[in-house]
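Have a look at the structure below, then the notes.
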Amino acid sequence: MNLERVMQVDRRIIYLFVAIGTILPIIFVIGLPVSITPPVQMAFDRIENELQTGDIVLMSFDYGPSSAPENAPMADAMLRHCFSKGIKVVVIALYPLGGLSEAVNELNKVTAEFPELKYGVDYVNLGYKDGAQAAMKKMAENIHEVFPTDVNGTPLDRLPIMKNIRTYRDMKLVVSLATGIIGEWWANLVNAQFGIPVIVGPTAVSAPKYYAYLEAKQMAGLLGGLKGASEYERLVVNRYPKLGEVYATPGLYTATKGMDVQSIVHLIMIAFIVLGNVVYFTTKRKPRKAS
Amino acid sequence: MKRQLPLLLTFLAGTIPIVAFFVPERHVGLVSTTLDSWLIIVAGFALLLGVVNVIQMNANKIHRRSSGWPYAIVLLLSLAIMGFFGFAGAFDMFGGIATRPDGSSTPFDWLYKFAFLPLQGTMFALLAFFMASASYRAFRARNVEATILLIAALLVMFGRIPFGEMVSKWFPLATEWIMGKPNMAAQRGIMIGAALGAASMALRIILGIERSYLGIGKGE
């Protein structure tokens, strides 16, 4: 075999392998097992063990459609967990490129599974606000000034859930489903200055930098990418078996299904990297012909 | 005056929040929180400025017939259409911005779901293809540092998927160790470095040493 030709393989062949590795697990769901890592367990335990029925969680949708396949399953699993436990959720969006639409879509989807929930009583969507850092800082003074109305234009004073919520002190936890830097601001600005516990669900590519905040106890948990989302799904289903019916719904996109795809694509990439290095060392050792 | 006034405003806007952080006096705090409110408004205008900039750049591109100018037309048309339906939704012309009270889609929501969402998803998904191709060609154990990076990357990639645990339970543990210890140490170094850089740049701006943001050359 001509190793030089292997090195110069057309990139479209690599693309084809990745495409097949992506499409096949979507059609034929493998259902690979998911192991739980400590950062996700910490996030789950914080909500499960340290929050009571009626407590308020602020959930910030800080991502857009580009990273929704990773962030949306986190949002779904955390909303389902909160609602199953009777925790009230205040939703906001700080990401300009579609954060609000993601919040509306995910809330519509999950609240449809909990018909007993009442908008304005058990949950509320305050909508989008520009100037993420400034909005976060101002919310420590008065949330009603940052979001005078909810997403439908209803004044906050007319929403029962918001009557006793003025600042972060009235809430127990902040959850940020984040792409880019906004999740970091929740940890290094809101947690550091105002002390409210923060859980961040970043994309896999951003996850490594959040370990520094996690180790420094500036975060109460971390859901790193699709893997983190799939772990959270597993924990939620184990604790609330009724949610297993929801997750078994055919056609519903879940992180566990997404992990099948990610697993195959990771294996393909590992195989190509190993092959590339084997060929590199083999050709390097071979003496070159005299020209 | 044209230079002194912006410099003075920058100095005040930069120093007031710092002073307020250390001085627990009510009036200082009030000024600082008012500035926070203004910052939200300024951020809104910055977004508007971005839109104006995109329009100017692309209009110039079309005017000069620069390479790829037809794409500029598509971009401006998309901006106008999404902007129109967004504004119309905000003024309740279609029963809401994202969805109507009965849950049905507004035109803005329809465009978001069936144009913006797939396009953004495609952009992000393409990364997987490029990364696979690039890692095959460039990820080589050329020296000690590259070899360490390569081994760490392979371990993390393998340990983050269920196959890793199927082979050995040590793979996920090794992955968590790499992420929680060496990675974290490196990330801290990067973050401390970036924070020091940001702090020194902020000081330069507050003290009027750095003036490039005014469109004025350094030291002028």
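The values are calculated or read from the model by the stated rules, or taken from the named source; none is laboratory data. These numbers were taken from a predicted model, which means no experiment stands behind them. Every residue, glycine as well, gets a Cβ built from its backbone with ideal geometry; the counts of neighbours run over all protein chains shown. Ligands, DNA and RNA are excluded from the accessible area calculation, which covers all protein heavy atoms including side chains. Shrake-Rupley method; radii C 1.70, N 1.55, O 1.52, S 1.80 Å.
In the range A:30-51, how many residues are more than 12 Å from chain B (Cβ to nearest Cβ) and loosely packed, with under 13 Cβ neighbours inside 10 Å?
2
Tell me whether the range A:121-130 contains one or more residues that are among the charged types (D, E, K, R), in a helix (DSSP H, G or I) and either within 14 Å of chain B (Cβ to nearest Cβ) or surrounded by fewer than 19 Cβ atoms within 10 Å (Cβ to Cβ) (or both). Working first, answer last.
Keep residues of the range A:121-130 that are among the charged types (D, E, K, R), which gives A:122, A:129-130.
Filter once more, so that each one left must be in a helix (DSSP H, G or I): none.
Among the residues of the range A:121-130, not one is among the charged types (D, E, K, R), in a helix (DSSP H, G or I) and either within 14 Å of chain B (Cβ to nearest Cβ) or surrounded by fewer than 19 Cβ atoms within 10 Å (Cβ to Cβ) (or both), which makes the answer no.
Which of the residues that make up the range A:240-266 are hydrophobic (A, V, I, L, M, F, W, C) and within 10 Å of chain B (Cβ to nearest Cβ)?
Narrowing the range A:240-266 to residues hydrophobic (A, V, I, L, M, F, W, C): A:243, A:246, A:248, A:252, A:255, A:259, A:261, A:264-265.
Once the filter is applied, which keeps residues that are hydrophobic (A, V, I, L, M, F, W, C) and within 10 Å of chain B (Cβ to nearest Cβ), the range A:240-266 yields A:259, A:261, A:264, A:265.
Give the number of residues within the range B:52-94 that are among the aliphatic types (A, V, I, L, M), modelled with pLDDT under 95 and farther than 18 Å from residue B:120 by Cα.
The number of residues fulfilling the criteria is 3.
Please find, within the range A:61-98, the residue that is most open to solvent (accessible area, probe 1.4 Å) out of those that are closer than 14 Å to residue A:186 by Cβ and in contact with an Asp or Glu (Cβ under 6 Å, 6 or more places away or on another chain).
If we take residues in the range A:61-98 being closer than 14 Å to residue A:186 by Cβ and in contact with an Asp or Glu (Cβ under 6 Å, 6 or more places away or on another chain), then A:95 is most open to solvent (accessible area, probe 1.4 Å).
Give the residues of the range B:133-151 that are among the hydroxyl-bearing types (Ser, Thr, Tyr) and more than 7 Å from chain A (Cβ to nearest Cβ), sorted by residue number.
Scanning the range B:133-151 gives a single hit, B:147.
Go through the range A:176-291 and tell me which helices (runs of 4 or more DSSP H), entirely inside it, have 2 or more residues that are open to solvent by less than 10 Å² (accessible area, probe 1.4 Å) and not basic (Lys, Arg).
The helices (runs of 4 or more DSSP H) meeting that bar are A:207-215, A:225-239, A:255-285.
Give the residue, chosen from B:116, B:171, B:108, B:130, that is of a type outside the set (A, V, I, L, M), out of contact with any strand residue (DSSP E or B) (no Cβ under 6 Å at 6 or more places or on another chain), more than 8 Å from chain A (Cβ to nearest Cβ) and farther than 30 Å from residue A:279 by Cα.
B:108
Looking at the range A:129-141, which of its residues are touching a Phe, Trp or Tyr at 6+ places or on another chain (Cβ under 8 Å) and without any contact (Cβ under 8 Å) to a residue 60 or more places away in the chain? Walk me through it before giving the result.
Kept after step one, since they are touching a Phe, Trp or Tyr at 6+ places or on another chain (Cβ under 8 Å), are these residues of the range A:129-141: A:129, A:132-133, A:136, A:139-140.
Across the range A:129-141, the qualifying residues are A:129, A:133, A:136, A:139, A:140.
When both residues are 6+ apart or on different chains and their Cβ atoms are under 8 Å apart, which pairs have a first residue that lies in the range B:77-98 and is within 23 Å of residue A:126 (Cβ to Cβ), and a second that is among the basic types (Lys, Arg) and open to solvent by 50 Å² or more (accessible area, probe 1.4 Å)?
Hits for this filter: B:94/B:100.
Out of curiosity, is residue B:209 surrounded by 15 or more Cβ atoms within 10 Å (Cβ to Cβ) and out of contact with any Gly (no Cβ under 6 Å at 6 or more places or on another chain)? Before you say what the answer is, go through the steps one by one.
On the way: surrounded by 15 or more Cβ atoms within 10 Å (Cβ to Cβ): no; out of contact with any Gly (no Cβ under 6 Å at 6 or more places or on another chain): yes.
No: the conditions fail for residue B:209.
Pairs please, first residue from the range B:27-55 and assigned to a helix (DSSP H, G or I), second anywhere and basic (Lys, Arg), Cβ atoms under 6 Å, 6+ apart in sequence or on different chains.
Pairs that qualify, where the first residue is assigned to a helix (DSSP H, G or I) and the partner is basic (Lys, Arg), are B:36/A:137; B:36/A:138.
Tell me which of these residue A:108 doesn't satisfy, since it passes every other one: (1) under 27 Å from residue A:238 (Cβ atoms); (2) within 11 Å of chain B (Cβ to nearest Cβ); (3) open to solvent by 70 Å² or more (accessible area, probe 1.4 Å); (4) assigned to a loop (DSSP other than H, G, I, E, B).
The one condition residue A:108 does not meet is (4).
Could you say which residue among A:197, A:202, A:208 is within 13 Å of another protein chain (Cβ to nearest Cβ), closer than 28 Å to residue B:178 by Cβ and in contact with a strand residue (DSSP E or B) (Cβ under 7 Å, 6 or more places away or on another chain)?
A:202
Based on this model, can you work out whether residue A:58 counts as open to solvent by less than 20 Å² (accessible area, probe 1.4 Å) and in a loop (DSSP other than H, G, I, E, B)? Don't jump to the end; show me each part of the working.
Working: open to solvent by less than 20 Å² (accessible area, probe 1.4 Å): yes; in a loop (DSSP other than H, G, I, E, B): no.
The answer is no for residue A:58.
Go through the range B:156-181 and give me each residue that's under 20 Å from residue A:265 (Cβ atoms) and either in contact with a Phe, Trp or Tyr (Cβ under 7 Å, 6 or more places away or on another chain) or of a type in the set (Lys, Arg) (or both).
B:158, B:159, B:160, B:164, B:165, B:171, B:179
Determine whether the range A:67-87 contains at least one residue that is of a type in the set (Ser, Thr, Tyr), assigned to a helix (DSSP H, G or I), farther than 16 Å from residue A:229 by Cα and within 10 Å of chain B (Cβ to nearest Cβ). First the steps, then the outcome.
Our first condition is that a residue be of a type in the set (Ser, Thr, Tyr); within the range A:67-87, this holds for A:67, A:84.
Pick out the ones that are also assigned to a helix (DSSP H, G or I) and you get A:67, A:84.
With the extra rule that they be farther than 16 Å from residue A:229 by Cα, the set shrinks to A:84.
Next, from what is left, pick out any that are within 10 Å of chain B (Cβ to nearest Cβ): none.
No; the residues of the range A:67-87 include none that is of a type in the set (Ser, Thr, Tyr), assigned to a helix (DSSP H, G or I), farther than 16 Å from residue A:229 by Cα and within 10 Å of chain B (Cβ to nearest Cβ).
Suppose we filter the range A:146-158 for residues that are open to solvent by 10 Å² or more (accessible area, probe 1.4 Å) and either closer than 20 Å to residue A:99 by Cβ or not in a helix (DSSP H, G or I) (or both); how many remain? Give the steps one after another, and end with the answer.
Here is the first cut: in the range A:146-158, the residues open to solvent by 10 Å² or more (accessible area, probe 1.4 Å) are A:148-149, A:151-155, A:157-158.
This time we only want the ones that are either closer than 20 Å to residue A:99 by Cβ or not in a helix (DSSP H, G or I) (or both), so: A:148-149, A:151-155.
Of the residues in the range A:146-158, 7 are open to solvent by 10 Å² or more (accessible area, probe 1.4 Å) and either closer than 20 Å to residue A:99 by Cβ or not in a helix (DSSP H, G or I) (or both).
If residue B:103 meets every condition in (1) more than 8 Å from chain A (Cβ to nearest Cβ); (2) closer than 20 Å to residue A:102 by Cβ apart from one, which number is that one?
(1)
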